[in-house]
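Below you'll find the structure, written out as C-alpha cells, and then a few comments.
The values are calculated or read from the model by the stated rules, or taken from the named source; none is laboratory data. Predicted model, so just to flag it, every value in this text is computed and none were measured. Cβ: placed from backbone, ideal geometry, glycine included. Neighbour counts: every protein chain shown.
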Amino acid sequence: MQSWNGHVETGVLELTGEVIKSLIVPAHPHPVLCPEKNEGWQRIRDAYDNARKQIEESDADLIIIYSTLWPSVIGHQIQADPNPEWVMVDADFHDLGSIHYSLKIDTEFAEAWNKANIARGLESRTVSYHGFPVDVGSVVALELLNPDNRIPAVICSTNVYSNRAETTVLAKSCMDVVKAQGKKAVAVSVMSLSNRMFTEPIEPHEDRIHSLKDDEWNRKILEFLEEGRLEDVGQLSRTIHDQIRVKKVVAFKPMWWLSAMNDNRNDLTGNVLAYEPIHGAGAAVVVLDPESNGTGDKEYDEDNVEFYGGDRDVLDSNQSSDGEATQSHGPELYDPVEGETAVNTSKAPKPVGAYPHARREGDLIYLSGVGPRQPGDNSIPGGPIKDASGNPLNYDIKAQTRAVVDNIARILEEAGSSIENVIDVTSFLVDMDRDFKGYNEVWAETLGKVGPTRTTLAIRALPTPIAVEMKVIAKA
Amino acid sequence: MANGGIVAGCLAPHPPHLVYAENPEQNEPVSEGGWEQLRWGYERLRESLKDVEYDVIVILSPHWQTYVGTHFIGVEKCSSKSVDPVFPNLFRFNYDLEIDVELAQAIHDQAKSEGMSVKMMTNPDFRVDYGTIVSCHMVRPEWDKPIVSISSNRSLSYYSVEVMQEMMIELGKSTAKAIEASGKKCLLIASNSLSHRHFVTETNPPEDMSKEHITSHAMHLWDMRMIELMREGKSQQIINEMPEFCEQAIAETDGGALTWLLAAMGVPEEPAILHGYGTIIGTGNAIMEWPCRNWGA
C-alpha cells in the first residue's frame, strides 16, 4: 500500500528516513566555469569535489536543495519537472560562460513535500514547466555535487516574506516525507556567508573578502560549524544578516532550514572543507554529519512550531492572521479516556472528545471513529479540506483514506489484533460526489482485501477538516 | 549624427499577469482576462503613442538584477522563452526581439566615461528578463522596434536609496546624452510598479478580480501621493521623497528605473498623463506618460 507521502507500506507506518549529511555550499558560477583563474576558486572547486565523493561513498538516495537564489512570493515552490533542461547564464557573470544543465528530479518526493507543506499550514505549490529558469545556485550545486545525476534531487525556493517559524515548518514537512519514504537524504543550503560583492569588475587575482569585518564574521560562523553548532548559527541568523549581509530579499534564512532539518542540533560533526572569497563574498563548503561530536546540546530559543499559522491567506481580509493552525483547524484535543477495557495508543491521533480509541468487549473490539489525522503533529495526509477561515482547499481523498486505514491498523495492533480481523465498517464522507471513487479505490486496495461488511454515508461535516472517517468493529 | 531625443517617457509596470490576461500567441498559459483597468490603461498609452515616431525603446527593468554595476544587452537578436520564476503558471513567453546594440554601446560608453561601473552583456545564451518583456509587450505588442535593455544595478542593496538615486541620476543623464548624440528618437520605459507588497496566496483562477485589491490603506495613500506628484510635474519632489516611499511602500522604484527615467528627461516639471492605475496581487501599478515631444524643448 502506498501512503500520502509515497511510502510503500505493509502495515504500520515505518519512519526510517533520515538526513545523512548536510552541506553549505556557495552559489557563484566561478567554481564551475573558471576555477583555474584563481587559486581560491580552485580550492572551492576541490572542496566541492571532496563533498561529491563523500556523497558518492554514502548511501544517499536524495539531494534536497534549499536555494537562496530562487525567491518566491506565493509561498514556497518546489521543482517537480522530472528533467529540467536549459542553458543557465548568470545575471552578473555572464562573461564567464554558460552552464548547460539537465537535472533529474525526484518528482514523487516533490509532490509529497508539497502536500506535507500544505498539511502543516504552509502555502506551497510545485512547478513543472519546460524552460523554467532553475536558479544559478541550484545549477552550480548540482553540477558539482551530482554531475551525472546519479542521485535524484529536489529543489525548493526561498519565500521572500517567510520568517523563522515558516522556514522551520518547511523543514519539518520535508522531514515528514524523508522519514516516511525512508530516504537517505543530503540536505544542501546554497548560499554565501557574507554576500557583499565588489561593485566593480575585478581581476581574478584581486579577489578577497570584501572587508575585514565580513571576514571575521565568516570565520566565527565557520568556527561554530566546525564544532557542529548548527543551531547556534541559526539562532544568530538575524544578527549575522544585520552584520554582514547585503539586504537582498532572502536574508540569512537557510541556516534556519538546515538546522530544522537536523532537529535543531548543536552537536553535529562539522568539517569546513574550504573558505574563500568569490568576487568579495564569503564562499564556504561545509559538511555536517549527524554523528554527535559530544559537545553542545539542543538549545532551542523560540517556539518550536509544528504548524504554520502566520499571515497566509491575506487575500481574505476577514480572518485573523495569528493563531496556530492546530487551534484554528479543529476542536480541542483530548487524551484518550482510560478504562478497564479501553485500548489507547500514542500511535493514533488524539481524540476530539472524552472517549478512548477503542474498547475490547468479549471477542470484539469497537473502535471510535477514526480519521486520517497523524499522531503527534496532528497533520492531515492529503491536506485539510478547508483552511482556518473555512475556505475550501483542494485535498487528496486517497491519501486521507489510506491514512485512516493506517490509523485503524495501529489501534488494532495496540489491541493485539490486526487489520485482517476487521468485520464491519461504517464510513462517513463529507463529499460523496467528489470522493467516493477515490475512497473506494483505496478501500479495494486495503480493507476490501480483508472483506468486512461496509456501509458508506454522506454527512455534512466532521469535527476536524477531514473528508473521511470510519467506524470499525473487529475481532479481538 | 546628432539631435536625437526622447519622444516620451513611460512608467510601465511589468507584472506578468497583464500579458497573461491579454492571451497573446507568444504566451503559453491561457486566461479568462482580468486586470482590465490596467490593460485599458495600456490601451490608452498605446493610443497616445500611436502617431509618435521613434526608433528605439530604451528600458530599465528591475528584474535583471546586477550587483556589479549596470549592464546592457549587447546581442543583436535575442530569441528564447522567458519563464517567470515566481509566476511560471502565468508567464511562459516565447520572445524574438532585436537589440539596438549600437545605442546600448553608446550609452554604456557615455556612462563609463563619466565614471560609472558598466558592462556589455554579449553571451548569446542570456535570457531576457520577464520585466523587460512584459513592459515592452504591453507598450508595443507589435515588437517592431529594437530595444536597449538596461539592468537594475542594485546599489540600493549595497548602499542606500540615496546612493541608488545619485547613481541613477547620473545614468539618466548619460542615457540622454548618448541618445542625443545618436540622432535616434527614443521611447524610454521605467519598468516598475509603485507600492510592492504582494499577497502571498493566489486565487483560483489567478484572474479572479473579486479578490484583487491593494494590500493596505497605507500603500494606497503612498501610491496616490506619487501619482499626484507625477501628474503635477513635481519630479524633483518625487526624487526627494523616494527614500521614504521605498521604505514605507516597499516600492519597486528601489530598482532605480523611475529615478533614471526622470533624470533622463531632465527632471521634468511638466505634468505626466495618468493612463491607468490598478493593483496586481496587492501591488500598486500606475501607467504614466511624460509626452516630451509636446514640450517644445
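Can you tell me how many residues in the stretch A:204-261 are among the hydrophobic types (A, V, I, L, M, F, W, C), in contact with a Gly (Cβ under 6 Å, 6 or more places away or on another chain) and over 25 Å from residue A:30 (Cβ atoms)?
Total satisfying the criteria: 1.
Could you check how many residues of the stretch A:136-159 are within 12 Å of another protein chain (Cβ to nearest Cβ) and either at pLDDT below 95 or surrounded by fewer than 23 Cβ atoms within 10 Å (Cβ to Cβ) (or both)?
The number of residues fulfilling the criteria is 2.
Can you name the residue in the stretch A:115-135 that is part of a helix (DSSP H, G or I) and either within 14 Å of another protein chain (Cβ to nearest Cβ) or closer than 24 Å to residue B:149 by Cβ (or both) and is also modelled with the highest pLDDT among such residues? Please lay out each step first, then the result.
Here is the first cut: in the stretch A:115-135, the ones part of a helix (DSSP H, G or I) are A:115-119.
Next, from what is left, pick out any that are either within 14 Å of another protein chain (Cβ to nearest Cβ) or closer than 24 Å to residue B:149 by Cβ (or both): A:117-118.
Values: A:117: 93, A:118: 89.
It comes out as A:117.
Just one of A:51, A:60, A:91 is in a helix (DSSP H, G or I) and among the small types (Gly, Ala, Ser); which is it? Show your work before the answer.
Numbers: A:60 fails: in a helix (DSSP H, G or I); A:91 fails: in a helix (DSSP H, G or I).
Selected residue: A:51, the only one of A:51, A:60, A:91 that is in a helix (DSSP H, G or I) and among the small types (Gly, Ala, Ser).
Scan the stretch B:148-185 residue by residue and report those that are over 17 Å from residue B:259 (Cβ atoms) and touching an Asp or Glu at 6+ places or on another chain (Cβ under 7 Å).
If the condition is that a residue be over 17 Å from residue B:259 (Cβ atoms) and touching an Asp or Glu at 6+ places or on another chain (Cβ under 7 Å), then B:148, B:184, B:185 are the ones that fit.
Out of B:269, B:228, B:232, B:241, I need the residue that is of a type in the set (D, E, K, R) and touching a Gly at 6+ places or on another chain (Cβ under 8 Å). Which one?
Of the residues listed, the single one that is of a type in the set (D, E, K, R) and touching a Gly at 6+ places or on another chain (Cβ under 8 Å) is B:269.
What number of residues in the stretch A:92-109 are more than 14 Å from chain B (Cβ to nearest Cβ) and either touching a strand residue (DSSP E or B) at 6+ places or on another chain (Cβ under 6 Å) or surrounded by 22 or more Cβ atoms within 10 Å (Cβ to Cβ) (or both)? Spell out how you get there, then give the answer.
Start the filter on the stretch A:92-109 by keeping residues that are more than 14 Å from chain B (Cβ to nearest Cβ), which leaves A:102-109.
Adding the requirement that they be either touching a strand residue (DSSP E or B) at 6+ places or on another chain (Cβ under 6 Å) or surrounded by 22 or more Cβ atoms within 10 Å (Cβ to Cβ) (or both) leaves A:102-103, A:105-106, A:109.
Residues meeting the conditions: 5.
Within the stretch B:168-183, is even one residue more than 30 Å from residue B:244 (Cα to Cα), away from chain A (no Cβ under 13 Å) and within 18 Å of the chain's Cα centre (by Cα)? Full working, then the answer.
Taking the stretch B:168-183 first, the residues more than 30 Å from residue B:244 (Cα to Cα) are B:178-183.
Checking the rest, the ones that are also away from chain A (no Cβ under 13 Å) come to B:178-183.
Then drop every residue that is not within 18 Å of the chain's Cα centre (by Cα), which leaves B:179.
Yes, that holds for at least one residue.
Here is a yes/no grid of residues against (1) surrounded by fewer than 18 Cβ atoms within 10 Å (Cβ to Cβ); (2) within 14 Å of chain B (Cβ to nearest Cβ); (3) modelled with pLDDT of 95 or more:
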| site | (1), (2), (3) |
| --- | --- |
| A:261 | no, no, yes |
| A:269 | yes, no, yes |
| A:273 | no, no, yes |
| A:276 | no, no, yes |
| A:288 | no, no, yes |
| A:297 | yes, no, no |
| A:302 | yes, no, no |
| A:312 | no, yes, no |
| A:329 | no, no, no |
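Taking the stretch B:16-39 as the region of interest, how many residues are buried (at least 24 other Cβ atoms within 10 Å of the Cβ) and among the β-branched types (Val, Ile, Thr)?
Counting residues in the stretch B:16-39 that are buried (at least 24 other Cβ atoms within 10 Å of the Cβ) and among the β-branched types (Val, Ile, Thr) gives 1.
Within the stretch A:262-280, can one find any residue that is farther than 24 Å from residue B:154 by Cβ and in a helix (DSSP H, G or I)? Spell out the reasoning first.
Step one: list which residues in the stretch A:262-280 are farther than 24 Å from residue B:154 by Cβ, which gives A:262-275.
Narrowing further to those that are in a helix (DSSP H, G or I): none.
Among the residues of the stretch A:262-280, not one is farther than 24 Å from residue B:154 by Cβ and in a helix (DSSP H, G or I), which makes the answer no.
Give the stretch A:160-173 a look and list any residue that's among the charged types (D, E, K, R) and within 14 Å of chain B (Cβ to nearest Cβ), or say none.
Our first condition is that a residue be among the charged types (D, E, K, R); within the stretch A:160-173, this holds for A:164, A:166, A:172.
Passing the criteria: only A:166.
Tell me, please, whether a residue that is more than 20 Å from residue A:66 (Cα to Cα) and in contact with a helix residue (DSSP H, G or I) (Cβ under 6 Å, 6 or more places away or on another chain) can be found in the stretch A:232-239. Steps first, answer last, please.
So in the stretch A:232-239, the residues more than 20 Å from residue A:66 (Cα to Cα) come out as A:239.
Among the residues that remain, those that are also in contact with a helix residue (DSSP H, G or I) (Cβ under 6 Å, 6 or more places away or on another chain) are: none.
No, there is no match, as no residue in the stretch A:232-239 is more than 20 Å from residue A:66 (Cα to Cα) and in contact with a helix residue (DSSP H, G or I) (Cβ under 6 Å, 6 or more places away or on another chain).
Could you please let me know if residue B:166 is touching a Pro at 6+ places or on another chain (Cβ under 8 Å) and part of a helix (DSSP H, G or I)?
On the way: touching a Pro at 6+ places or on another chain (Cβ under 8 Å): no; part of a helix (DSSP H, G or I): yes.
Judged against the criteria, residue B:166 is not a match.
Tell me which residues, restricted to the stretch A:174-208, are within 33 Å of the chain's Cα centre (by Cα) and either among the β-branched types (Val, Ile, Thr) or within 14 Å of chain B (Cβ to nearest Cβ) (or both). Walk me through it before giving the result.
So the first thing to find is which residues in the stretch A:174-208 are within 33 Å of the chain's Cα centre (by Cα), and the list is A:174-197.
Across the stretch A:174-208, the qualifying residues are A:177, A:178, A:186, A:188, A:190, A:192, A:194, A:195, A:196, A:197.
List the number of the failed condition for residue A:19; all other conditions in (1) part of a helix (DSSP H, G or I); (2) surrounded by 24 or more Cβ atoms within 10 Å (Cβ to Cβ) hold.
So the condition that residue A:19 fails would be (1).
If residue B:279 satisfies all but one of (1) within 15 Å of residue B:36 (Cα to Cα); (2) touching a helix residue (DSSP H, G or I) at 6+ places or on another chain (Cβ under 7 Å), what's the number of the condition it fails?
Only one criterion is unmet by residue B:279, namely (2).
For (1) more than 21 Å from residue B:161 (Cβ to Cβ); (2) more than 19 Å from the chain's Cα centre (by Cα); (3) at pLDDT 95 or above, each residue gets a yes or a no:
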{"site": "B:216", "(1), (2), (3)": "no, yes, no"}
{"site": "B:234", "(1), (2), (3)": "no, yes, yes"}
{"site": "B:247", "(1), (2), (3)": "no, yes, no"}
{"site": "B:252", "(1), (2), (3)": "no, no, no"}
{"site": "B:262", "(1), (2), (3)": "no, no, yes"}
{"site": "B:267", "(1), (2), (3)": "no, no, yes"}
{"site": "B:292", "(1), (2), (3)": "yes, no, no"}
{"site": "B:295", "(1), (2), (3)": "yes, yes, no"}
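Please work out if residue B:223 is in contact with a Gly (Cβ under 6 Å, 6 or more places away or on another chain), closer than 30 Å to residue A:159 by Cα and modelled with pLDDT of 95 or more. Working first, answer last.
Numbers: in contact with a Gly (Cβ under 6 Å, 6 or more places away or on another chain): yes; closer than 30 Å to residue A:159 by Cα: yes; modelled with pLDDT of 95 or more: yes.
When the stated conditions are applied, residue B:223 passes them.
How about the stretch A:416-441: which of its residues are touching a residue at least 60 places away in the same chain (Cβ under 8 Å) and crowded, with 21+ Cβ neighbours inside 10 Å?
Once the filter is applied, which keeps residues that are touching a residue at least 60 places away in the same chain (Cβ under 8 Å) and crowded, with 21+ Cβ neighbours inside 10 Å, the stretch A:416-441 yields only A:419.
Select, from B:30, B:19, the only residue that is at pLDDT 95 or above, not hydroxyl-bearing (Ser, Thr, Tyr) and not in a helix (DSSP H, G or I).
On the way: B:19 fails: not in a helix (DSSP H, G or I).
Only one candidate qualifies: B:30.
Filter the stretch B:215-233 for residues that are in contact (Cβ under 8 Å) with a residue 24 or more places away in the chain and within 14 Å of another protein chain (Cβ to nearest Cβ) and give the result.
Selection gives B:215, B:219, B:220.
Kindly indicate which of B:123, B:192 is away from chain A (no Cβ under 14 Å), in contact with a Gly (Cβ under 9 Å, 6 or more places away or on another chain) and part of a loop (DSSP other than H, G, I, E, B).
Matching residue, one of B:123, B:192: B:192.
Here's the yes/no breakdown for (1) modelled with pLDDT of 95 or more; (2) over 16 Å from residue B:188 (Cα atoms); (3) surrounded by fewer than 24 Cβ atoms within 10 Å (Cβ to Cβ):
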| residue | (1), (2), (3) |
| --- | --- |
| B:60 | yes, no, no |
| B:65 | no, yes, yes |
| B:71 | yes, yes, no |
| B:76 | yes, yes, yes |
| B:79 | yes, yes, yes |
| B:91 | yes, yes, no |
| B:96 | yes, yes, yes |
| B:106 | yes, no, yes |
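Among the residues of the stretch A:186-195, are any in contact with a Phe, Trp or Tyr (Cβ under 7 Å, 6 or more places away or on another chain), farther than 21 Å from residue A:58 by Cα and surrounded by fewer than 24 Cβ atoms within 10 Å (Cβ to Cβ)?
No, the stretch A:186-195 has no match at all.
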